[in-house]
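Everything on this sheet refers to the single structure shown next.
The values are calculated or read from the model by the stated rules, or taken from the named source; none is laboratory data. This structure is a prediction, so every number in the text was calculated from the model and none was measured. Here the Cβ is made from the backbone with ideal geometry for all residues, glycine too, and neighbour counts use every protein chain on show. Remember, those area values only see protein heavy atoms, side chains included, never the ligands or the DNA or RNA. Shrake-Rupley method; radii C 1.70, N 1.55, O 1.52, S 1.80 Å.
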Amino acid sequence: MKKFRRLISVICFICLSIAMSGCDATSPETVVEKPIVLGYSQLGDESTWRSQNSLSLINAANEAGIKIMFEDAMQNPENQIKAIRSFIAYKVDVIAFSPLVETGWDTVLGEAKAAGIPVIIVDRMIDTEDESLYTCALCSDFDLEGRQAGEFLKKKFRLDDGPVRIVELAGTEYSTPAIGRYEGFRSVISSDPKFEVIFSASGDFMRSKGRELMQQILTHYEPNEIDVLYSHNDDMTFGAIEVMLEAGIRPGKDIVIISVDATQKIIDYLKDGSVNCVIECNPNSGPQVMEITRRIVAGETVEKNIYIDEKVFDEYSDFDSIADRGY
Ligand code: GZL
C-alpha cells in the first residue's frame, strides 16, 4: 500500500511540474528562436524619399520578425558613428547604415569587423580601400541616373542648335548620389558643346534650399537665359517650381525640368507638363535589406554589390503605364 501511495505521489509531482512548466509532456519542448537584432543608422529625414525609405525599412523589419534598432542621425555623420558604436556595444547581429557622405567610415567599420558584426551598406556608398569592412552594399546606380538625365536632354534638344543653358540643383556635397548624378550627367552632355551648365550648387536634397537656390539663380539670370533645370531630387525641384510660378515662369515649358526620385507629386507634374523627365530612385529597399540580413545570419553567401532596378519616366512615356508611387 505504501508503495502504491508513493507511486501516486510521484505521478502527481510529475503532472504538477509539467503543468507548472507550461509545456505539454506529449510534445517535444517548443524552441522559440531568438529574433535577429539589426542596428540601423539612417542618415536623416531630409526628403520625401528618405521618409519613405525609413518607412520601408521599419515595416519590412516588422514583417520579417527582425528587431530593428533604428537611429536617425539628423544629417550628422558623427551621430552615425555614435549609433554604430552603440550597436557594437549592444552586440547586435547585423549593422546596416546609409552613409551621409562617402568618407570617414573606415575606423568605426573596423571596430564592427573586430567585434565580428557584419555590415550592410544601404542606399549610398562609402569610399574605402578595404572592402572587407562590409559584407554587402545595396545601392542605386547614381552614375547611371545622371547619364539617363543627360540622354533625355540629348533627345529633347536633338533638333536644337543651342546653346542649351542648364542650371543644376545638386545633392549633399560628397554624397554618392550627388557625385554620381553630377558626373554621370556630364559624361553624356559633354559630347555636345551646345550643352552648357551655367550654374551648379548644392541644395542638400532639401525643398527649402531648392527654393533658395532658384531665387539666387533668378537674381543672376533672366528666365529667358535659362533653358533647363536639372535637379538631383524632387524635394529641391518642388522648391524651385514654387519660385518659378511666383516669377510667372511656366515650369516644363519656359524651362525644361529633369528631376530624380519619382515621388507621386513629381509624376503628377510630369503628367500635367510641368516637369519633362523623372529619373526613378527607389526608396523601397526595406524587404531586400531584411532578406540580406536574414541570409547573412543564416550563414548564406550574399552578393557584395547589389544595384536596385530603376526606371525613367519622361514626356515621351505612356503615362498610363506608370504605377501609383505610394509616396
Ligand atoms: C538616393 C538618396 C537621396 C535621394 C534624395 O539614394 O540617398 O537622398 O535622391 C534623398 O531624395 O534625400
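Results for (1) within 16 Å of the ligand (Cβ to nearest atom); (2) in contact with a Gly (Cβ under 8 Å, 6 or more places away or on another chain); (3) assigned to a loop (DSSP other than H, G, I, E, B), shown as yes or no for each residue.
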site	(1), (2), (3)
D143	yes, yes, no
G146	yes, yes, no
A149	yes, yes, no
K154	no, no, no
D161	no, no, yes
E168	yes, no, no
E173	yes, no, yes
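Within region 93-111, the set of residues being farther than 19 Å from T176 by Cα, touching a Ser or Thr at 6+ places or on another chain (Cβ under 9 Å) and among the acidic types (D, E) comprises just one member, D93. Exactly one residue among R211, R181 is over 30 Å from D93 (Cα atoms), within 16 Å of the ligand (Cβ to nearest atom) and open to solvent by less than 50 Å² (accessible area, probe 1.4 Å), and that residue is R181. Candidates are the residues of region 253-264 that are touching a Ser or Thr at 6+ places or on another chain (Cβ under 8 Å) and in contact (Cβ under 8 Å) with a residue 40 or more places away in the chain; the one that is farthest from the ligand (Cβ to nearest atom) is I258. Across region 158-177, a minimum of one residue is classified as open to solvent by 70 Å² or more (accessible area, probe 1.4 Å), among the basic types (K, R) and out of contact with any Lys or Arg (no Cβ under 9 Å at 6 or more places or on another chain).
Of the residues making up region 214-234, at least one is assigned by TED's automatic domain parsing to the domain that holds L270, open to solvent by 40 Å² or more (accessible area, probe 1.4 Å), farther than 17 Å from V275 by Cα and not in a helix (DSSP H, G or I).
How many residues are aliphatic (A, V, I, L, M), outside any helix (DSSP H, G or I) and over 18 Å from the mean Cα position of the chain (by Cα) if we restrict to region 95-139? Residues flagged as aliphatic (A, V, I, L, M), outside any helix (DSSP H, G or I) and over 18 Å from the mean Cα position of the chain (by Cα) within region 95-139 amount to 2.
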